[in-house]
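Asks: Pasting a structure below so you can have a look.
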Amino acid sequence: MRKEIIKIFAVAFFAHGLLTAQSPTQLLSPHTEAKIDSIIKLMTIDEKLGQLNQIGGTWYDTKTERLNEEQTALLKAGSIGSFLGINGAAETGRIQRIAMEETRMKIPVMFGADIIHGFRTITPIPLAEASSWNPELVERSARIAAIEGAAAGVHWNYAPMVDIARDPRWGRIAEGSGEDVFLGSAMAAARVKGFQGKNLLEYGSLLACAKHFAAYGGAEAGRDYNTVDMSERSLREIYFPPYKAAIDAGAWTLMSAFNEIGGVPSSGSHWLMTDLLRKEWGFKGLVVSDYTAIMELLNHRIAKDSTEAGIVGLSAGVDIDMVSRIYIYKLAEAVRSGKLSEEIVNEAVRRVLRVKFAYGLFNDPYRNAKPEKEKELLLHKDHRAVAREIARQSIVLLKNEKSILPLSTSTKKIALIGPLAGKEHRRDLAGAWAWVQNPDDVVSVIEGIASKLSSQTKVLYDKGCEIESDSGSRISQAVKLAKQSDVVIAVLGESQHVSGEAASKTDLDLPFMQKELLKALHKTGKPIVLVVMNGRPLTLQWEADNIPAIVEAWHLGVETGNALADVLFGDYNPSGKLPVTFPRSVGQIPIYYNHKSTGRPMVEKDKYTSRYLDSPNSPLYPFGFGLSYTTFSYSNVKVSSSSIKKDQKINVSVDIGNSGKRSGEEVVQLYIRDDVATVTRPVKELKGFKKISLNTGEKKTVEFTLMPDDLSFYNLDMKKVVEPGTFTVFVGGNSADYIETKFEVVE
Ligand code: GLC
């Protein structure tokens, strides 16, 4: 009987719309949608535009009130719908109370923030986390970011950044999941699920925001904010899917990009924001512009004044104007003069209110204004444990000659050299977009290594040189220590200042004096382990030719020192794989694994094929590459049938054995090639991956299923099709080493 009553009650709740099934491609319950319409009917044009106006606050200053007089007046007039960068449970609660008690419409405001990889517990940069090839772990990492962000009063996270990036000159490659659409889509979905949790209405969830829509990572020359110009086929096959994956995973918001695509700025593109996003994909959530992107339509020179910029942006389908203040100050007159239809305003307001209802703010505007939660949850030890685990799994072993690694904890003397090894640059270890309030949160490399060693081991430390300066050389001091040591650990790379937004570079060598320091250490003849900490692929040809062990450690967050020491001393066998190709030189860029054949594929001895005179075509390290302290052998790749019909699926199996001396994890990667098609197809495309662990001597069979959609592509008519013909299947531990088989698709 009791069960029946609960069921009836739940149905009533559901029907009433309070437990609305929440997908951003469906409207909320009819009751809630009707409620939204009734609110809009009561609003003045200024109050409507207020919902489309977002202002910024000074980040992380939770000690003082965060709004000046003008901002407070705008808030009280109902002219602010959301805030950027204001957090702190008490302060957001104070501001919300003004919105709920001192405005006419009493519509809750939303607090947005960039919690790209952790809030107070900073986890590895997203490019590092993608190196784990572990979506479940990435979801857990996003989950702790959400829990801490919500505890700090945030409602809305401007993440995940899902831009595919094939150009390491672009500093924002650090914020995404690398060059591949399949891996990038898996990571996008994992992060959205982590941020939004199982139920958006539950405490500890944040609204996700897939950004930057669209194709921001395709900037010409890798120069930030630069022009993007590519075919619709490339957009649909490479750049669009991660945004779609984020929406399919439940993301309620997107952020429009700064860049134009083929002559039309994204933030003014009706095709992008309405025809594709709303009509074709059915997205019912909201789009917020990137920072001043509406004003920047003037710089793109597609609007003659700010009113026109506002009309173009809003009419395209960009609902919220982030900090330009054009919507709020210019569009009421545009509506009154008939230049802008009020229905366009109403539709944008409808989407903003829909998201606020979906997030439960109308039921509980103070849901995240709980200072006691903030104290309890920020930098919680359980969160640090997740940060350490994902940092370990993000580390990629690039070279390990004569198994110099793992190091023995009974080593007598270790020279620890480099500007990123000491405590001075702990903030840089957190990487770009890490609002670490206190570098003391970060475990430095020297601290992590010290925690592994007894007093029997002497660690001789010197920074050797500045991180990014030609002055302050300490190379001679560092060399002296190296000469006294049994092994040198050189920790070199980039500061967080040269990574992330507005951080494009033309030279990707180890910066300033760091390479000179490394060469001087190399001259001592001592065994060297190079640890690279960076936010992008660097050009490491000399290092690869001369240094016996190279560890790609990215920027790993608060648990850097512990995670790195776990790997260097063998408490964790590295399992990371590169989510992005490492070029030999900048001259090779863009270089990525899933390239086309061309009409003259490179033939070693044939000058007249697609090649360079002064460099191999191959990268230094290929997509998907990463070594282990053990070795894995692949054999017996099979398909479940030699031929299938176009609408059938096919299974692929492969045997993997651990042929080495210790247990380890391997990311088994499945690629396909459509051998002949009516449109040129890449030489290979990632269509599956599985991370497995194997004890020494253990063997497993791994199975994949390829669905028709995995075999499809956009044909000459831009329709997604599967064409008959043969497919080659590649399975291996990276995109360049594999075993293969074939199958055929028949009509
Ligand atoms: C920045 C970034 C964007 C971020 C926004 C708000 O310019 O492009 O990723 O979310 O402004 O900080």
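The values are calculated or read from the model by the stated rules, or taken from the named source; none is laboratory data. As the structure is a computational prediction, the values presented were derived from the model and not from experiment. Don't worry about glycine lacking a Cβ; one is built from the backbone with ideal geometry, like all the others, and counts go over all protein chains shown. When the accessible area is computed, the model is the full protein with side chains, heavy atoms only, and any ligands, DNA or RNA have been set aside. Shrake-Rupley method; radii C 1.70, N 1.55, O 1.52, S 1.80 Å.
Asks: My understanding is that a pair violates if its Cα-Cα distance is over 32 Å; which of Lys699/Lys742; Lys638/Lys719; Lys373/Lys577; Lys638/Lys661 do that in this structure?
Replies: On the way: Lys699/Lys742 23 Å; Lys638/Lys719 30 Å; Lys373/Lys577 37 Å; Lys638/Lys661 27 Å.
Check vs 32 Å cut-off fails for Lys373/Lys577.
Asks: Further question on the same structure: Considering only protein heavy atoms, what is the solvent-accessible area of Phe625 at a probe of 1.4 Å, reported in Å² to the nearest 10?
Replies: 30
Asks: Ranked from the most accessible area to the least, with a 1.4 Å probe and all protein chains present, what is the order of Met187, Met295?
Replies: Numbers: Met187 0, Met295 65 Å².
Solvent-accessible surface, decreasing: Met295, Met187.
Asks: Also: Run the numbers for His497 and Thr631: contour at 0.36 nm per residue of separation, minus the present Cα-Cα distance, in nm. If you can, show how the numbers build up before the last one.
Replies: Numbers: separation 134, 0.36 × 134 = 48.24 nm, distance 3.71 nm.
Answer, rounded to one decimal: 44.5 nm.
Asks: Another question about this same structure. Using only the C-alpha atoms of the stretch 637-739, find the volume of their convex hull and express it per residue in Å³.
Replies: That works out to 90 Å³ per residue.
Asks: Around Phe283, under 15 Å between beta carbons, what's the net of Lys plus Arg minus Asp minus Glu among the other residues? Spell out each step's value before the answer.
Replies: On the way: positive: Lys211, Lys244, Arg278, Lys279, Lys284, Arg350, Arg351, Arg354; negative: Asp248, Asp275, Glu280, Asp319, Glu347.
Its environment carries a net charge of +3.
Asks: List the relative contact order of the chain as a percent without decimals, with contacts defined as Cα pairs under 8 Å and 6+ residues apart.
Replies: Relative CO of the chain lands at 13 percent.
Asks: Under 18 Å Cα to Cα from Lys412, which lysines show up? Leave out anything in the same chain fewer than 8 places away.
Replies: Here the lysines satisfying the reach criterion relative to Lys412 are Lys452, Lys458, Lys480, Lys483, Lys526.
Asks: Next question, about the same structure. Quick one: what are the phi-derived ³J(HN,Hα) couplings along the stretch 187-203, Karplus 6.51/-1.76/1.60 with θ = phi - 60°, whole Hz, x for glycine and proline?
Replies: 6, 4, 5, 4, 6, 4, 5, x, 5, 8, x, 5, 9, 4, 7, 7, 4
Asks: Taking a temperature of 25 °C and a viscosity of 0.890 mPa s, what whole-number D in µm²/s does Stokes-Einstein yield for the stretch 67-225 with Rh from Kirkwood over alpha carbon pairs?
Replies: Values: Rh = 16.6 Å.
Estimated diffusion coefficient is 148 µm²/s.
Asks: Just want the answer: with Cβ charges of +1 for Lys and Arg and -1 for Asp and Glu, which residue in Tyr216, Gly197, Phe512 is farthest toward the dipole's positive end in the chain?
Replies: The residue sitting farthest along the positive end of the dipole is Gly197.
Asks: What distance in nm separates the simple spin-label points at Asn199 and Asp655, each placed 7 Å from Cα in the Cβ direction?
Replies: Using points 7 Å along Cα→Cβ, the separation is 4.8 nm.
Asks: Can I ask one more? How about Lys423: which lysines have a C-alpha closer than 16 Å to its C-alpha, ignoring those fewer than 8 places off in the same chain?
Replies: Hits, sequence-local ones excluded: Lys463.
Asks: A follow-up question, please. Just by accessible area at a 1.4 angstrom probe, what is the order of Leu286, Leu481 from largest to smallest? Could you put the intermediate results ahead of the total?
Replies: Working: Leu286 0, Leu481 35 Å².
So the residues, ranked largest to smallest area, are Leu481, Leu286.
Asks: Please tell me the relative contact order of the stretch 2-374 in percent, rounded to the nearest whole number, where contacts are Cα pairs under 8 Å and at least six residues apart.
Replies: Values: 794 pairs, mean separation 71.0, N = 373.
Computed over the stretch 2-374, the figure is 19 percent.
Asks: Taking the Cα centre of the chain as the origin, how large is its charge dipole in debye, to the nearest 20, when only Lys and Arg (+1) and Asp and Glu (-1) carry charge on their Cβ atoms?
Replies: Details: 91 positive and 90 negative charges, 263 e Å.
Using Cβ point charges on Lys, Arg, Asp and Glu, the chain gives about 1260 debye.
Asks: Once you have a ≥ b ≥ c as the square roots of the Cα gyration tensor eigenvalues for the chain, tell me rounded if a/c is under 1.5, and otherwise prolate or oblate according to whether a/b is larger than b/c.
Replies: Numbers: a/c = 1.69, a/b = 1.35, b/c = 1.25.
Because a/c hits 1.5 or more and a/b exceeds b/c, the chain counts as prolate.
Asks: Suppose we take every Cα in the stretch 383-586 and form the convex hull; what volume per residue is that in Å³?
Replies: Working: hull volume 23.7 nm³, N = 204.
Spelled out: Cα convex hull of the stretch 383-586, divided by residues, is 116 Å³.
Asks: On to the next question. Report the accessible area of Met602, computed with a 1.4 Å probe over the heavy atoms of all protein chains in place, in Å² rounded to the nearest 10.
Replies: Accessible area of Met602: about 70 Å².
Asks: Let me ask something else about it. Kindly work out what percent of the DSSP beta bridges joining two residues of the chain are antiparallel, to the nearest 5.
Replies: Numbers: 48 of 90 bridges.
Bridges in the chain that DSSP calls antiparallel: roughly 55 percent.
Asks: Cut-off under 17 Å on the C-alpha distance; same-chain residues fewer than 8 positions from Lys284 excluded. Which lysines are left, in chain and number order?
Replies: Hits, sequence-local ones excluded: Lys35, Lys211, Lys244, Lys356.
Asks: To the nearest 10 square angstrom, what accessible area does Thr680 show with a 1.4 Å probe?
Replies: Answer for Thr680: close to 90 Å² accessible.
Asks: Continuing with the same structure: Regarding the stretch 137-240, what whole-number volume in Å³ per residue does the convex hull of its Cα atoms give?
Replies: Details: hull volume 10.3 nm³, N = 104.
About 99 Å³ per residue, rounded to a whole number.
Asks: Okay, next question. Residue by residue through the stretch 522-527, which ³J(HN,Hα) values in whole Hz follow from phi under the Karplus form 6.51 cos²θ - 1.76 cosθ + 1.60 (θ = phi - 60°), with glycine and proline marked x?
Replies: Taking θ as phi minus 60°, the curve returns 4, 5, 5, x, 6, x Hz for the stretch 522-527.
Asks: For the chain, what is the accessible area per residue in Å², given a 1.4 Å probe and the full set of protein chains?
Replies: Details: 27760 Å² over 747 residues.
Value for the chain: 37 Å² per residue.
Asks: Can you compute the modelled spin-label distance between Arg97 and Arg233, with each label point 7 Å from Cα toward Cβ, in nm?
Replies: Here the modelled spin labels are 6.1 nm apart.
Asks: Could you check the simple spin-label distance between Lys519 and Tyr608, using points 7 Å along Cα→Cβ, in nm with one decimal?
Replies: Placing both labels 7 Å along Cα→Cβ, they lie 4.0 nm apart.
Asks: Ranked by accessible surface with a 1.4 Å probe, highest first, in what order do Met43, Met105 come?
Replies: Values: Met43 15, Met105 40 Å².
Putting Met43, Met105 in descending order of accessible area: Met105, Met43.
Asks: Could you tell me the relative contact order of the stretch 604-687? Use alpha-carbon pairs under 8 Å, at least six residues apart, and round to a whole percent.
Replies: Working: 75 pairs, mean separation 19.4, N = 84.
Computed over the stretch 604-687, the figure is 23 percent.
Asks: Which number do you get for Rg(Cα) / (2.2 N^0.38 Å) in the stretch 559-688?
Replies: On the way: Rg = 18.9 Å, N = 130, 2.2 N^0.38 = 14.0 Å.
Normalised Rg, Cα atoms only: 1.35.
Asks: To continue, here is another question. When the dipole is taken about the Cα centre of the stretch 238-302, and only Lys, Arg (+1) and Asp, Glu (-1) are charged at their Cβ, what size is it in debye, to the nearest 20? Kindly include the intermediate steps, with their values, before the conclusion.
Replies: Details: 5 positive and 6 negative charges, 30 e Å.
With Lys and Arg at +1 and Asp and Glu at -1, about 140 debye.
Asks: Any chance you could run the full-extension gain for Met707 through Arg600? It's 0.36 nm times the residue separation minus the Cα-Cα distance, nm to one decimal.
Replies: Details: separation 107, 0.36 × 107 = 38.52 nm, distance 3.15 nm.
Stretched fully, the Met707-Arg600 segment lengthens by 35.4 nm.
Asks: Let me ask something additional. How much FRET efficiency would the formula 1/(1 + (r/R0)^6) give for Glu342 and Lys304, where r is the Cβ-Cβ distance and R0 is 22 Å, rounded to 0.05? Display every interim value, and only then the final one.
Replies: Numbers: r = 23 Å, r/R0 = 1.03.
Efficiency computed from Cβ-Cβ geometry: 0.45.
Asks: If you don't mind, another one. Given Ala736, Asn658, Val683, which one lies farthest toward the positive end of the charge dipole of the stretch 632-746, if we put +1 on the Cβ of every Lys and Arg and -1 on the Cβ of every Asp and Glu?
Replies: Going by the charge dipole, the pick is Asn658.
Asks: In whole Å, how far is the Cα centre of the stretch 544-596 from that of the stretch 181-253?
Replies: The stretch 544-596 and the stretch 181-253 have Cα centres spaced 24 Å from each other.
Asks: Also: Taking θ = phi - 60°, what integer Hz values does the Karplus form 6.51 cos²θ - 1.76 cosθ + 1.60 yield along the stretch 68-74, in sequence order, with x for Gly and Pro?
Replies: Couplings: 7, 4, 4, 5, 5, 5, 4 Hz.
Asks: Any chance you could check the Cα centroid distance between the stretch 308-349 and the stretch 723-747 for me, in angstrom?
Replies: If you average the Cα positions of each part, the centres end up 51 Å apart.
Asks: Answer with one residue from Ala565, Leu207, His270: the one whose Cα lies farthest towards the positive end of the charge dipole of the chain, charges on Cβ with Lys, Arg +1 and Asp, Glu -1.
Replies: Selected residue: Ala565.
Asks: Here is a follow-up. Would you kindly state how much longer the chain becomes between Asn715 and Ser640 on full extension, computed as 0.36 nm times their sequence separation minus their alpha carbon distance, in nm to one decimal?
Replies: On the way: separation 75, 0.36 × 75 = 27.00 nm, distance 2.69 nm.
Between Asn715 and Ser640, full extension yields an extra 24.3 nm.
Asks: Here's another thing I want to ask about it. Take the Cα pairs of the stretch 2-374, get the Kirkwood Rh, then feed it into Stokes-Einstein at 20 °C and 1.002 mPa s and tell me D in µm²/s. Don't skip to the answer; put the middle values down first.
Replies: Details: Rh = 20.6 Å.
This corresponds to a translational diffusion coefficient of 104 µm²/s.
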